[in-house]
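Starting off with a structure, shown below.
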Amino acid sequence: MLRLEPRTEASRLMQWCSPLLAATLTLLAGLAIFWLLDKDPLEGLHYFLISPVKDLYGVSELLLKATPLMLCAIGLAVGFRANVWNIGAEGQFMLGAVGASGVALYFAESDSALILPAMLLAGALAGALWAAIPAFLRTRFSANEILVSLMLVYVAQLFVSWLVFGPWRDPMGFGFPQTAMFHDAALLPTLLDGTRLHLGFVFALGALALGYVFMNRSYTGFKMRVAGEAAEAARYAGFSARRVIWIGLLSGGAAAGVAGMAEVAGPMGQLTDKLNFGYGFAAIIVAFVGRLHAFGILLASLLMALLYIGGEQAQQYMNLPSSISMVFQGLLLFFLLGSDVFIHYRLRIGRARA
Amino acid sequence: MTDRRQFMLSASAAALAAALPGSLLAQEATRIGFVYVSPIGDAGWTYQHDLARKELEASLGSKVQTRFVENVAEGADAERVIREFAASGHKIVFATSFGYMNYVERVARQFPNVTFLHATGYKSGRNFGNYNARFYEGRYLNGVIAGRMTKSKILGYVGAFPIPEVLQGINAFTLGAKSVNPDIEVRVIWVNSWYDPGKEREAAMTLISQGADVVTQHTDSTAVVQAAEERGVYAFGYHSDMSKYGPKAHLTATTHHWGEFYTRTVNAVLAGTWKAENIWGGFKDGMVRLAPLNPAIPAAVQAEVKALEEKLTAGTFHPFTGPIVDQAGKERLSAGAVMDDVALGKMDFFVQGVASRLPNTR
């Protein structure tokens, strides 16, 4: 008989092995799916995992795709560690894009080197401001931040839509919902010639480093962790629950805002109404697969980006449906949650001893 | 002698083979990529493009090999997908949604030997053409039918976004209906999405509850036709023939046909005669058609529509022929004049007969 026996202490080993186990099981399940679809499983894995990074350009695209995921996920992790559930990074991402676009459009005539820093600041502030709404409602009225932050995603989408159909619409754009293309001073410089990898990737690495220092090395980070793991203990120790909520939501909002800024000032070069890319939602998976840890998030966002691009290539070269990416993401999360059971339980064979 | 000639022939053939790109002589299929904005599904915008892709394969056989990527977001991802097609030896790339425009433009500059075709945009370049269809022609005919069939004189229209293409459709529909029934009014509900069956259905239900007995939509799902079937009113399909989603309700549909255009374009590229153009085809070019008319439409009305359709095909009738008066009563086009393509492409008003107000009017 197989049975699960609670561990006396959470296993640190399993905490780190669980994502690896999940990744391995995802691969195996992927092989089975390719086989069931009558496709060569090895060819499938080749297009999914190897072909996207076959050359430098491919690697640059992987890093480009991972950039918004890293930014959103590290911001969310700060809150998640403290049990502050910001589900609205998607909307905070959009607001960040709006803030940055506002600066770019307002200073469209200027070539000042200050435009990009101003856009970065505006993006972070706008994202944080959007996250401040659920923070305020939670601390003031105990409104559930999960619902409020999620609902604000739709408000953000409509706000963007209103802007690009109305006051910010490109007068030369034939009525299409888009702003004018940003001028050069408002575009992030690329890191590698001939690729689209831009300075935003450096922002993401910076955010990861900052996140690491804050969560693992600072006293406030420690307090937030305690608040997440043992709320009673935190209260007894006199840590402010309000402060935890504010920090958790604002850091998530600011990081997602920077991601939105990097998207419009990077590969898009303008604001359009098609900002619902799902990075803010996917980042929730990334944060958990990455164990709410900066280094884990780095790896998880690369893996997630690989699944997206691999899914495109599997379509392009093997005529697989677009849902294949989603299937892989779903498998990954499913196996991760399954593997996580073994952090707190161990598998025993035989009957329980009395 | 024969041997020598044969030798000469094969030698010159070899020289030719060396001079020409391999694909022409080795009969290697020309690879063609398609980028779709939504999943293919079984009706709608992308479905029609995919039908056309299959028509292209059927008509050119082994000369071409097509590949597609569906559900490509109109953001940074699009450039990667388009570029991957070009970089992996595809000679022609069809990018079938407006939001791909700037990305196509960038990739087209990097790959001068690849031909790019972009649907519904307004930019073009040396190796980068754009194409679209005059859907409003079909809408006008739908409007004529609606004007004849309505009893309540209220027509419902579910719109995605107030961009020129959608406004052309609503206005043409209204003009068509008013041409046979001057007292009608058209009510519009915006759902702010190209594909959201839930919202589309809700909008249709609202319009029907307000008395609309003919409804149509400029969105991507079949929800409006289904809602009409359920409530026992009439509807028009769009993009695809949607009659199987509402056999009683579905009067006809304005359908999109890109197959001939794709075949023609690919043949021109293969022959080396292709030039970047701005294509905007209608009934005349076979790019817009009506789905079979529902037998519920009286024979006289069917004949009336047929006659108009022939005029559109012959190019002797334009739905936007003046006088055209907007909601505020301002004359936008004087009597007898025909609206030019620039004005059509920038349309930002509702004609008289539309009861709803346009959002964001400044």
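Given A:E90, A:E43, which one is within 14 Å of chain B (Cβ to nearest Cβ) and in contact (Cβ under 8 Å) with a residue 40 or more places away in the chain?
None of the other options fit; the residue is A:E90.
OK, next. Give the residues of the range B:227-286 that are among the β-branched types (V, I, T) and free of Cβ contacts under 8 Å to residues at least 60 places away in the same chain, sorted by residue number.
The answer is B:V233, B:T273.
Determine which single condition B:A235 fails, assuming it passes every other condition in (1) farther than 25 Å from B:I154 by Cα; (2) small (G, A, S); (3) part of a strand (DSSP E or B).
Just one mismatch for B:A235, condition (1).
Then there's this: Any idea which of A:T190, A:T179 is free of Cβ contacts under 8 Å to residues at least 40 places away in the same chain and of a type in the set (S, T, N, Q)?
Checking each option against the conditions leaves just A:T190.
Additional query: Take the residues of the range A:163-192 that are among the small types (G, A, S) and part of a loop (DSSP other than H, G, I, E, B): which is surrounded by the fewest Cβ atoms within 10 Å (Cβ to Cβ)?
Of all residues in the range A:163-192, those among the small types (G, A, S) come to A:166, A:173, A:175, A:180, A:185-186.
Filter once more, so that each one left must be part of a loop (DSSP other than H, G, I, E, B): A:166, A:173, A:175, A:180.
Working: A:G166: 13, A:G173: 18, A:G175: 20, A:A180: 18.
Across the range A:163-192, the extreme among qualifying residues is A:G166.
So A:S51 passes all but one of these: (1) touching a His at 6+ places or on another chain (Cβ under 9 Å); (2) within 14 Å of another protein chain (Cβ to nearest Cβ); (3) surrounded by fewer than 22 Cβ atoms within 10 Å (Cβ to Cβ); (4) not aromatic (F, W, Y). Which condition number does it fail?
Result: A:S51 passes all but (1).
With the condition being touching a Lys or Arg at 6+ places or on another chain (Cβ under 6 Å) and of a type in the set (S, T, N, Q), I'd like the helices (runs of 4 or more DSSP H) fully within the range B:248-362 carrying at least 1 qualifying residues.
B:299-314
For the range B:335-356: of the residues being within 23 Å of B:E185 (Cα to Cα) and more than 14 Å from chain A (Cβ to nearest Cβ), which is farthest from the chain's Cα centre (by Cα)?
The residue in question is B:A335.
Within the range B:62-82, is even one residue crowded, with 19+ Cβ neighbours inside 10 Å, farther than 20 Å from B:M242 by Cα, more than 12 Å from chain A (Cβ to nearest Cβ) and not polar (S, T, N, Q)?
For the range B:62-82, residues crowded, with 19+ Cβ neighbours inside 10 Å, farther than 20 Å from B:M242 by Cα, more than 12 Å from chain A (Cβ to nearest Cβ) and not polar (S, T, N, Q): present.
Find the residue count for the range A:57-74, including only residues that are under 8 Å from the mean Cα position of the chain (by Cα) and either within 12 Å of chain B (Cβ to nearest Cβ) or not in a helix (DSSP H, G or I) (or both). Spell out the reasoning first.
Initial filter on the range A:57-74 (under 8 Å from the mean Cα position of the chain (by Cα)): A:68-74.
From what is left, the residues that are either within 12 Å of chain B (Cβ to nearest Cβ) or not in a helix (DSSP H, G or I) (or both) are A:68.
Adding up the residues that qualify gives 1.
Go through the range B:304-322 and give me each residue that's of a type outside the set (V, I, T) and in contact with a Gly (Cβ under 8 Å, 6 or more places away or on another chain).
B:L312, B:P319, B:G322
Restrict the check to the range A:275-289 and report whether at least one residue is more than 14 Å from the chain's Cα centre (by Cα) and either within 14 Å of another protein chain (Cβ to nearest Cβ) or touching a residue at least 40 places away in the same chain (Cβ under 8 Å) (or both).
For the range A:275-289, residues more than 14 Å from the chain's Cα centre (by Cα) and either within 14 Å of another protein chain (Cβ to nearest Cβ) or touching a residue at least 40 places away in the same chain (Cβ under 8 Å) (or both): present.
Hey, can you tell me all the residues within the range B:189-218 that are at pLDDT 95 or above and in a loop (DSSP other than H, G, I, E, B)?
B:Q210, B:G211, B:A212, B:D213 - these are the residues of the range B:189-218 that are at pLDDT 95 or above and in a loop (DSSP other than H, G, I, E, B).
Give the residues of the range B:167-190 that are surrounded by fewer than 23 Cβ atoms within 10 Å (Cβ to Cβ) and free of Cβ contacts under 8 Å to residues at least 60 places away in the same chain, sorted by residue number.
B:S179, B:N181, B:P182, B:D183
Of the residues B:R264, B:R332, which is within 25 Å of B:V188 (Cβ to Cβ), basic (K, R), surrounded by fewer than 20 Cβ atoms within 10 Å (Cβ to Cβ) and away from chain A (no Cβ under 14 Å)?
B:R332
Another question, if that's okay. Might you check whether a residue that is of a type in the set (A, V, I, L, M, F, W, C) and touching a His at 6+ places or on another chain (Cβ under 9 Å) occurs anywhere in the range B:331-342?
In the first step, residues of the range B:331-342 are kept if they are of a type in the set (A, V, I, L, M, F, W, C); the result is B:333, B:335, B:337-339, B:342.
When the remaining residues are screened for being touching a His at 6+ places or on another chain (Cβ under 9 Å), the result is B:338-339.
Checking the range B:331-342: at least one residue is of a type in the set (A, V, I, L, M, F, W, C) and touching a His at 6+ places or on another chain (Cβ under 9 Å).
Against the definition (among the aliphatic types (A, V, I, L, M), away from chain B (no Cβ under 14 Å) and crowded, with 24+ Cβ neighbours inside 10 Å), how does A:V341 come out, yes or no? Write out each step before concluding.
Working: among the aliphatic types (A, V, I, L, M): yes; away from chain B (no Cβ under 14 Å): yes; crowded, with 24+ Cβ neighbours inside 10 Å: no.
Criteria not met by A:V341.
Given the conditions (1) more than 10 Å from chain B (Cβ to nearest Cβ); (2) surrounded by fewer than 23 Cβ atoms within 10 Å (Cβ to Cβ); (3) in contact (Cβ under 8 Å) with a residue 24 or more places away in the chain, report the number of the one that A:Y317 does not fulfil.
(1)
Within the range A:250-262, is even one residue out of contact with any His (no Cβ under 8 Å at 6 or more places or on another chain), surrounded by fewer than 20 Cβ atoms within 10 Å (Cβ to Cβ) and more than 18 Å from B:A73 (Cβ to Cβ)?
no
Note down all Cβ pairs under 7 Å where the first residue falls in the range A:154-176 and is within 10 Å of chain B (Cβ to nearest Cβ) and over 14 Å from B:P162 (Cα atoms), the second is among the small types (G, A, S) and part of a helix (DSSP H, G or I), and they're at least six residues apart or on different chains.
Cβ pairs passing all conditions: none.
The values are calculated or read from the model by the stated rules, or taken from the named source; none is laboratory data. Not measured: the values here are computed from a predicted model. Here Cβ is always computed from backbone atoms with ideal geometry, including for glycine, and neighbour counts include all displayed protein chains.
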